[in-house]
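A.B. asks: Right, I'll just put the structure down here and ask away after.
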Amino acid sequence: MSQKKYQNMLAQRTENIFEEWKARGSLTERELYYFLHKLKGTSGTIGLQQLSLFCASQLEILTSSNDQKIPVSSLENLKNRIRSHFDDTIAVKKEEFQLPDRYVNRLDQETFILIIDQDLEFVSYLKELLEKLGAQVIISLNGKRGIEQFYSMRPSIVIIDAKLPDMTGFEVLDQIAEPARQKNTTLAISSEEVTKEILIETYRRGAMDLISKPFDM
């Protein structure tokens, strides 16, 4: 059997898994980890090296021991990226994300950044960008874990998505804003929707900035 036939079989099997996810509505981080781990290994043996590398980059963000549920609706970008490796006619648009200069100018090897966001594709891209600029980056895919990592890792900058699977970014701020102020930790909310109301709420809850997410991956 040719490599292309194996690739088509893997593509169909992957779509079947996506349909199962859709029917369930959510899956655990552990399940997503092992799905990507298996896909990484299989794709690498049938000539889909770029897909294998993509899966490897996502595995760096996930853990195999976390049973926190991830909404399937938050995985559309991830699924489309996987599909694009099977079908090169699928266009995946990725606009350049520009971190404000006031952050970029502070980055060095001593800068430790915590990103709390459920969008795997976004955090993978942002992590790569920030690490190229010299910072150390850790990822949390939900608010509860992000709060735990804030207290255990003591980051110098925290970027929190306004919409998380288990709570809002503002609820995260409620639990970390005061200790962040005492430690001179910079807090920022990231949001696809930037309005005057969200900006006011961002400042009121203790963050110093509202960063727009103007991309479509």
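The values are calculated or read from the model by the stated rules, or taken from the named source; none is laboratory data. As the structure is a prediction and not an experimental result, all values here were calculated from the model. Because the Cβ atoms are built from the backbone with ideal geometry, glycine has one as well, and the counts that use them run over all protein chains shown.
A.B. asks: How many residues does segment 21-44 contain that are assigned to a helix (DSSP H, G or I), in contact (Cβ under 8 Å) with a residue 12 or more places away in the chain and among the small types (G, A, S)?
C.D. replies: 1
A.B. asks: Keeping to segment 127-143, report how many residues are at pLDDT below 90, within 18 Å of L75 (Cα to Cα) and either in the same structural domain as I70 (by TED's automatic domain parsing) or of a type in the set (G, A, S) (or both).
C.D. replies: Matching residues across segment 127-143 total 0.
A.B. asks: List the helices (runs of 4 or more DSSP H) inside segment 45-119, counting only whole elements, that have at least 1 residues being at pLDDT below 85.
C.D. replies: Values: elements: 49-59, 76-86, 101-104.
Once the helices (runs of 4 or more DSSP H) in segment 45-119 are filtered for at least 1 residues that are at pLDDT below 85, what remains is 76-86, 101-104.
A.B. asks: With the checklist (1) assigned to a helix (DSSP H, G or I); (2) over 22 Å from the mean Cα position of the chain (by Cα) in hand, flag the one item F18 doesn't pass.
C.D. replies: It fails just one condition, (2).
A.B. asks: The conditions are (1) closer than 22 Å to D67 by Cβ; (2) touching a residue at least 24 places away in the same chain (Cβ under 8 Å), and S152 fails exactly one of them. Which is it?
C.D. replies: So S152 meets the others, but not (2).
A.B. asks: Right, next: How many residues does segment 126-143 contain that are in a helix (DSSP H, G or I), more than 27 Å from E197 (Cα to Cα) and of a type outside the set (D, E)? Talk me through it step by step, then tell me what you get.
C.D. replies: Let us first name the residues in segment 126-143 that are in a helix (DSSP H, G or I), namely 126-132, 143.
Applying the additional criterion that residues be more than 27 Å from E197 (Cα to Cα) yields 127-132.
Those still in the list that are of a type outside the set (D, E) too: 127, 129-130, 132.
Of the residues in segment 126-143, 4 are in a helix (DSSP H, G or I), more than 27 Å from E197 (Cα to Cα) and of a type outside the set (D, E).
A.B. asks: Mind listing just one residue for me: the one in segment 31-51 that is farther than 18 Å from F18 by Cα and touching a Leu at 6+ places or on another chain (Cβ under 9 Å) and, of those, surrounded by the fewest Cβ atoms within 10 Å (Cβ to Cβ)?
C.D. replies: Ranking the qualifying residues of segment 31-51, first place goes to G44.
A.B. asks: Which condition number in (1) more than 26 Å from E128 (Cα to Cα); (2) surrounded by 13 or more Cβ atoms within 10 Å (Cβ to Cβ) is the one that A23 fails?
C.D. replies: With respect to (1) more than 26 Å from E128 (Cα to Cα); (2) surrounded by 13 or more Cβ atoms within 10 Å (Cβ to Cβ), A23 is out only on (2).
A.B. asks: Of the residues that make up segment 204-212, is at least one surrounded by 15 or more Cβ atoms within 10 Å (Cβ to Cβ), in the same structural domain as I147 (by TED's automatic domain parsing) and among the basic types (K, R)?
C.D. replies: Yes, there is a match, as at least one residue in segment 204-212 is surrounded by 15 or more Cβ atoms within 10 Å (Cβ to Cβ), in the same structural domain as I147 (by TED's automatic domain parsing) and among the basic types (K, R).
A.B. asks: Name every residue in segment 37-88 that is within 27 Å of G143 (Cα to Cα) and either hydroxyl-bearing (S, T, Y) or assigned by TED's automatic domain parsing to the domain that holds S140 (or both), in order of residue number.
C.D. replies: S57, T63, S64, S65, S73, S74
Per-residue answers, yes or no, for (1) acidic (D, E); (2) touching a residue at least 12 places away in the same chain (Cβ under 8 Å); (3) within 20 Å of D67 (Cα to Cα):
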site: G146; (1), (2), (3): no, yes, yes
site: I157; (1), (2), (3): no, yes, no
site: K196; (1), (2), (3): no, no, no
site: M208; (1), (2), (3): no, yes, no
